[in-house]
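Chemist: Structure incoming, see below.
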Amino acid sequence: MILKDIISISGESGLFKFLAQGKNSIIVEHIGTGRRSSAFSSARVSSLEDISVFTDDEDMPLGKVFDSIHEKENGGRAIDPKSSPEALKEYFAGIVPDYAKEKVYVSDIRKIMQWYNILLDNDMLKKEEEEQA
């Protein structure tokens, strides 16, 4: 999946789209509401493109995890992030069978499912092949 310019801001709910660079901040737009705001340099900002999931071998980029969910669900929504911890772990093991169970917490799985569903609902999941075509 193409995750360039999609960011998460620590302490803020949901995902944001990067719009512009300011002097001491970045201008972002909330994906769900469309509300624009500034994220200052003191905020912990993470690009989804830079996030990966710990596995037993080498880390798997979040884009590939989203690809696996998209394939498993035939383009539909992922499991509800509010599902039981056991259901989330079982679902995630079906997507990333060799994920590092001692390093990937249920809260991480919840966040990944929530982010996937947000991007799907806003038609922002683009496969890399589609982007290059």
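The values are calculated or read from the model by the stated rules, or taken from the named source; none is laboratory data. Worth saying up front: this structure is predicted, and the values here are computed from it rather than measured. Ideal geometry is used to build each Cβ from the backbone, glycine not excepted, and the neighbour counts take in all protein chains shown. Ligands, DNA and RNA are stripped out before the accessible areas are found, and what is left, the full protein with its side chains, is counted by its heavy atoms. Shrake-Rupley method; radii C 1.70, N 1.55, O 1.52, S 1.80 Å.
Chemist: Select from Tyr116, Ser42, Phe54 the residue farthest towards the positive end of the dipole of the chain; place +1 on Cβ of Lys and Arg, -1 on Cβ of Asp and Glu, and compute about the Cα centre.
Modeler: Value: Ser42.
Chemist: Over segment 1-56, one equal point on each Cα, no solvent: what is log10 I(q)/I(0) by the Debye formula at q = 0.23, 0.26 Å⁻¹?
Modeler: Relative scattering, expressed as log10 I(q)/I(0), comes to -0.90, -1.10.
Chemist: Now for a separate question. For an R0 of 35 angstrom, estimate the FRET efficiency from the Cβ-Cβ distance between Phe18 and Val106 and round to the nearest 0.05. Don't jump to the answer; show the numbers that get you there.
Modeler: Working: r = 28 Å, r/R0 = 0.81.
Result of the calculation: an efficiency of 0.75.
Chemist: Working out 0.36 nm times the residue gap between Arg77 and Ser47, then minus their Cα-Cα distance, what length gain in nm do you get to one decimal? Can you show the working numbers first?
Modeler: Details: separation 30, 0.36 × 30 = 10.80 nm, distance 2.19 nm.
Extra length available between Arg77 and Ser47 comes to 8.6 nm.
Chemist: Counting pairs of Cα atoms in the chain, how many percent are more than 27 Å apart? Numbers along the way, then the final one.
Modeler: Numbers: 1802 of 8778 pairs.
Of all Cα-Cα distances in the chain, 21 percent exceed 27 Å.
Chemist: If you don't mind, another one. Which value, in debye to the nearest 20, gives the size of the charge dipole of segment 7-133 about its Cα centre, when Lys and Arg are +1 and Asp and Glu are -1 at the Cβ?
Modeler: Values: 16 positive and 23 negative charges, 161 e Å.
My answer is approximately 780 debye.
Chemist: Hey, can you find the accessible area per residue of the chain for me, probe 1.4 Å, expressed in square angstrom? Please list the in-between numbers first.
Modeler: Working: 8120 Å² over 133 residues.
For the chain, the per-residue accessible area is 61 Å².
Chemist: Would you work out what percent of the accessible area of the chain, with all protein chains in place, is carbon or sulfur (probe 1.4 Å)?
Modeler: Working: 3700 of 8120 Å².
Its accessible area is 45 percent carbon and sulfur atoms.
Chemist: From the phi of every residue in segment 42-47, what ³J(HN,Hα) in whole Hz does the Karplus formula 6.51 cos²θ - 1.76 cosθ + 1.60 yield, where θ is phi - 60° and glycine or proline is x?
Modeler: These are the phi-based 3J(HN,Hα) values: 7, 7, 7, 10, 10, 7 Hz.
Chemist: When N counts the residues of segment 57-133, how does its alpha-carbon radius of gyration compare numerically with 2.2 N^0.38 Å, as a ratio? The partial results should precede the final answer.
Modeler: Numbers: Rg = 12.5 Å, N = 77, 2.2 N^0.38 = 11.5 Å.
The value comes to 1.09.
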